[in-house]
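Everything on this sheet refers to the single structure shown next.
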Amino acid sequence: MVIIVIKGIDKLMKPSLNEIKRRTIIMVLAVICALVALVVRVAYWQIIRGDELSEKAKAQQQGSSIITASRGNIYDRNGKVLAESASVNTLICNPEDVKADGDADVIAARLSPVIGMEQEDIKKLITKNARYQVIKKRLSNEESENVKKLLDSNVDSKIAKAFSGIYFEDDSKRYYPFNVAPHILGFTGYDNNGIQGIELTFDNELMGRNGSIETNQNANGTTLKQQQAEYINSASKGDDVVLTIDETIQHFLEKHLEEAVAEDKLKEGAAGIVMNPKTGELLAMSTKPDFDLNSPYSIEQFQKYAIDFDYGIADGDGATPAPTADPDNLSDEVIASMRNKMWRNKAISDTYEPGSTFKIITAAAALEENVVSLDSTFYCPGFKIVADRKIGCANSEGHGPQTFVEGIRNSCNPVFMELGLRLGYEKFMEYFSAFGLTEKTNVELVGEASSIYYHNQMSDVDIATSSFGQGFQITPIQLITAVSAVINGGERMRPQIVKEIRNSNGVIRTYEPEVISRVISEETSQKMREILESVVALPTSTGKNAYVKGCRIGGKTGTSEKGNRNEGKRIASFIGFAPANDPEIVCLIMLDEPQIENKYGGTIAAPIVGEIIEDVLNYIGVEKQYTESEQPEIKVEIPDVRETDVNEARNEVADKNLYVKVVGDGDKVVDQLPKPGIMLKENSTVILYTEKQSKTETVTVPDLSGMSVSDAKYTLEMRGLNFEVVGAGHSETGVSYAVNQSVAAGEIVSPATVIGVEFRQVTSD
């Protein structure tokens with residue numbers, strides 16, 4: 001019995017083979033599950049949160065300072081650097097280093113006068129709970145040198161020890177060597193990011209990629225004294241942008257606009273564009289007044305603006321501001337308002353009624369649609385009755401009978417009202433749209449405005465007024481693009497301001513001229529070029545003040561009303577191109593609210609265009625083409641006849657077609673005026689002195705304002721001065737009057753000095 005019981009217990013305690021297998025499987029599965037869980041967990045830390053934890057570990061073990069990437073350069077079409085970056089120092093600190101080894105009070109006290117920051121502000125920065133802190137970005141050379149002295153233990157070891165934790169970081173600062181075209185180039189902000197212009201439009205390309213320097217730190221965040229390693233991630237320079245702008249042509253445009261702002265007392269400034277009509281490439285674009293690219297936030301330029309334009313705080317309805325009481329104490333509101341005006345690119349952002357310059361579009365459409373021929377006749381009594389309106393002509397007395405071509409030369413409103421009505425609403429708007437006046441040009445600049453025009457059915461009165469450029473608003477860039485299509489053979493080009501993007505490896509992207517559509521035929525374009533050339537070439541036409549001998553300029557005047565029609569505010573403009581038979585350039589000038597008596601574009605804007613075109617054609621090497629009626633101006637170099645027998649000297653000077661005046665009774669020439677080497681027009685006078693003068697002769701320059709050519713010449717010759725006609729315009733007519741002289745009235749000069757005189761004719765648009 002006992003034996004049976006023991007055997008039973010033994011059987012119970014000894015597991016069967018199946019039981020062992022079951023337990024083994026359970027154990028293996030448990031181990032596998034644990035391993036899987038471990039693998040999953042490790043994968044989670046390594047894969048899912050690997051980068052995050054790596055960065056945290058790196059942040060604990062290493063400190064990092066930025067190597068700022070140098071922005072790419074901006075070049076003009078000829079390779080001149082218009083914008084570049086230079087290396088400068090940014091002052092940084094590790095507040096943990098300052099806390100551990102430095103002296104925040106000493107640092108703040110010593111840095112404050114050196115970098116021009118308040119002592120309390122510096123202390124707040126260097127005692128922050130952080131491992132990296134910028135104190136001041138882009139120190140000047142003087143500031144950097146003074147800080148280096150504070151860090152130099154050879155200068156003062158105690159101060160250097162107190163400055164533990166203060167470091168330099170490489171940075172980049174933008175410079176604009178020529179300081180031109182601010183509204184095109186734009187500028188950069190605090191973080192080297194583009195703010196305006198090309199700097200903003202192509203910010204991604206110009207930006208580059210920042211690098212870094214990483215140093216080892218202990219757990220407290222202080223920099224290790226003995227660096228085991230230092231890791232450098234190099235910065236990558238940004239791409240370069242090459243513009244279609246020509247810096248020299250830009251200089252011509254800006255110079256003439258600055259003079260216009262001052263001479264014509266322009267309340268709202270001026271804008272100008274120079275373009276290649278064949279390609280759409282912008283050669284220059286300017287708005288005046290503008291701003292200093294290297295100091296765009298400078299208060300001094302706002303103070304000058306306030307004085308020059310009598311600018312103050314705007315009244316309640318945002319109209320013209322009241323005069324500034326004290327330019328030295330401008331309010332934030334006034335500074336913000338002036339900054340917005342000075343930074344605004346009028347050439348693309350301001351819309352205006354183009355006035356008579358738009359007649360080029362109306363005339364081209366009428367010719368293309370065969371609703372008029374060159375010989376079609378019209379009659380102008382000084383007005384035209386349209387529906388229930390009597391709409392006047394600029395010539396209130398009327399032009400009388402005239403042909404279509406004469407109507408353009410006279411800028412006769414009734415002629416163009418008739419053309420608009422013959423075209424009708426649908427055709428008028430068809431061409432308005434085809435010339436690109438219902439859409440932005442998409443030039444590569446931010447801030448381009450949209451035009452304002454009739455979206456619904458136009459009445460006859462609407463068509464009549466629109467035909468001579470009133471009742472709608474467009475931008476200058478839209479107008480010059482449309483006129484380019486009229487004169488370049490009929491193709492509308494997309495305006496282009498960027499030529500290519502490139503880097504150290506070569507050209508990345510090229511921008512080619514783009515034809516948007518054909519608007520008119522080559523035949524119509526040729527006819528329009530010939531007509532518009534006569535508008536300038538004939539001394540009886542409205543564009544006569546843009547005339548320059550040999551330049552073959554074509555163009556059209558424009559004067560439009562602004563705001564309330566009764567306020568007398570005007571915009572004077574002129575658009576011209578040359579050479580008229582094969583245009584290389586087209587130039588538009590817009591003068592906003594001139595504060596002078598004569599506000600017509602034909603009087604004050606036309607000569608500016610003529611002078612710019614002459615400058616540009618001479619610069620690009622286009623030879624002048626003189627007609628049979630034109631006599632090219634000949635200048636000769638004055639020979640050196642000093643120490644020469646007086647008779648020989650007289651003959652040598654006379655052989656140059658110059659008049660000779662001998663002063664003294666000697667046999668030899670001891671001096672001469674003007675001096676040798678100066679270029680003089682033929683028939684000018686050279687004075688030969690045969691005796692040493694006891695005292696220096698001088699002449700007071702007379703005031704020639706308002707004189708005719710003959711009167712001005714006679715007045716100067718009677719003073720012993722040489723006379724020369726300068727500037728654009730038909731000066732040979734009897735109605736020309738002097739408006740400027742190269743040497744101001746009352747100035748004291750030597751005898752025989754050349755006085756250049758500029759003449760104008762009164763005209764209307």
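The values are calculated or read from the model by the stated rules, or taken from the named source; none is laboratory data. Worth saying up front: this structure is predicted, and the values here are computed from it rather than measured. Using ideal geometry, Cβ is built from the backbone for each residue, glycine included, and neighbour counts are taken over all protein chains shown. We work out accessible area using only protein heavy atoms, side chains counted, and drop any ligands, DNA or RNA first. Shrake-Rupley method; radii C 1.70, N 1.55, O 1.52, S 1.80 Å.
Within the stretch 468-501, work out how many residues are basic (Lys, Arg) and within 24 Å of residue 415 (Cβ to Cβ).
Going residue by residue through the stretch 468-501, those that are basic (Lys, Arg) are 492, 494, 499.
Add one more test, that the residue is within 24 Å of residue 415 (Cβ to Cβ), and what stays is none.
Residues flagged as basic (Lys, Arg) and within 24 Å of residue 415 (Cβ to Cβ) within the stretch 468-501 amount to 0.
Applying the condition of being in a loop (DSSP other than H, G, I, E, B) and within 12 Å of the chain's Cα centre (by Cα) to the stretch 286-305 and asking which residue is nearest to residue 189 (Cα to Cα) yields 293. Within the stretch 508-524, if we keep just the residues that are more than 30 Å from the chain's Cα centre (by Cα) and in contact (Cβ under 8 Å) with a residue 60 or more places away in the chain, the residue that is surrounded by the fewest Cβ atoms within 10 Å (Cβ to Cβ) turns out to be 521.
Taking the stretch 355-449 as the region of interest, the helices (runs of 4 or more DSSP H) fully inside it that hold 3 or more residues being hydrophobic (A, V, I, L, M, F, W, C) and open to solvent by 20 Å² or more (accessible area, probe 1.4 Å) are 413-434. In the stretch 529-573, the qualifying residues are those that are surrounded by fewer than 19 Cβ atoms within 10 Å (Cβ to Cβ) and hydroxyl-bearing (Ser, Thr, Tyr), and the one that is farthest from residue 410 (Cα to Cα) is 534. Of all residues in the stretch 107-127, those that are open to solvent by 40 Å² or more (accessible area, probe 1.4 Å) and either farther than 16 Å from residue 167 by Cα or of a type in the set (A, V, I, L, M) (or both) total 9. Where residues in the stretch 91-106 are surrounded by fewer than 18 Cβ atoms within 10 Å (Cβ to Cβ) and aliphatic (A, V, I, L, M), which of them is farthest from residue 160 (Cα to Cα)? The qualifying residue farthest from residue 160 (Cα to Cα) is 100.
Quick one: how many residues across the stretch 283-296 are in contact with a Pro (Cβ under 6 Å, 6 or more places away or on another chain) and under 24 Å from residue 499 (Cα atoms)? Explain how you work it out, then say what you get.
Let us first name the residues in the stretch 283-296 that are in contact with a Pro (Cβ under 6 Å, 6 or more places away or on another chain), namely 290-291, 293.
From what's left, under 24 Å from residue 499 (Cα atoms): 293.
Going through the stretch 283-296 one residue at a time, the tally reaches 1.
Looking only at residues in the stretch 594-621 that are part of a loop (DSSP other than H, G, I, E, B) and under 20 Å from residue 542 (Cα atoms), the one that is modelled with the highest pLDDT is 605.
Within the stretch 161-182, the set of residues being open to solvent by less than 20 Å² (accessible area, probe 1.4 Å) and over 29 Å from residue 236 (Cβ atoms) comprises 162, 163, 165. When you scan the stretch 733-740, do you find a residue that is part of a loop (DSSP other than H, G, I, E, B) and open to solvent by 50 Å² or more (accessible area, probe 1.4 Å), even just one? Scanning the stretch 733-740, I find at least one residue that is part of a loop (DSSP other than H, G, I, E, B) and open to solvent by 50 Å² or more (accessible area, probe 1.4 Å), so the answer is yes.
Could you list, in sequence order, all residues of the stretch 641-677 that are among the acidic types (Asp, Glu) and assigned to a helix (DSSP H, G or I)?
From the stretch 641-677, those among the acidic types (Asp, Glu) are 643, 645, 648, 652, 655, 665, 667, 671; that's our starting set.
Residues satisfying the conditions are 648, 652.
Selection within the stretch 257-285: residues that are open to solvent by 10 Å² or more (accessible area, probe 1.4 Å) and assigned to a helix (DSSP H, G or I). The member of this set that is farthest from residue 74 (Cα to Cα) is 263. Scanning the stretch 78-97 for residues that are under 29 Å from residue 130 (Cα atoms) and not in a strand (DSSP E or B) yields 94, 95, 96, 97.
Among the listed residues 695, 668, 713, 656, identify the single one that is surrounded by fewer than 13 Cβ atoms within 10 Å (Cβ to Cβ) and among the basic types (Lys, Arg). Write out each step before concluding.
Details: 668 fails: surrounded by fewer than 13 Cβ atoms within 10 Å (Cβ to Cβ); 713 fails: surrounded by fewer than 13 Cβ atoms within 10 Å (Cβ to Cβ); 656 fails: surrounded by fewer than 13 Cβ atoms within 10 Å (Cβ to Cβ).
Among 695, 668, 713, 656, only 695 is surrounded by fewer than 13 Cβ atoms within 10 Å (Cβ to Cβ) and among the basic types (Lys, Arg).
Specify the residue that is farthest from residue 558 (Cα to Cα); the eligible residues are those in the stretch 454-472 that are open to solvent by less than 50 Å² (accessible area, probe 1.4 Å) and assigned to a loop (DSSP other than H, G, I, E, B). Looking at the filtered set, the residue picked out is 458.
When the stretch 591-621 is filtered for residues that are β-branched (Val, Ile, Thr) and either surrounded by 18 or more Cβ atoms within 10 Å (Cβ to Cβ) or under 22 Å from the mean Cα position of the chain (by Cα) (or both), the ones remaining, listed by number, are 603, 604, 608, 609, 612, 613, 616, 620. Of the set (1) modelled with pLDDT under 90; (2) surrounded by fewer than 21 Cβ atoms within 10 Å (Cβ to Cβ); (3) in contact with a helix residue (DSSP H, G or I) (Cβ under 9 Å, 6 or more places away or on another chain), all apply to residue 702 but (1). The condition (being out of contact with any Cys (no Cβ under 9 Å at 6 or more places or on another chain), under 30 Å from residue 132 (Cα atoms), modelled with pLDDT of 70 or more and not acidic (Asp, Glu)) is satisfied by just one residue among 47, 25: 47.
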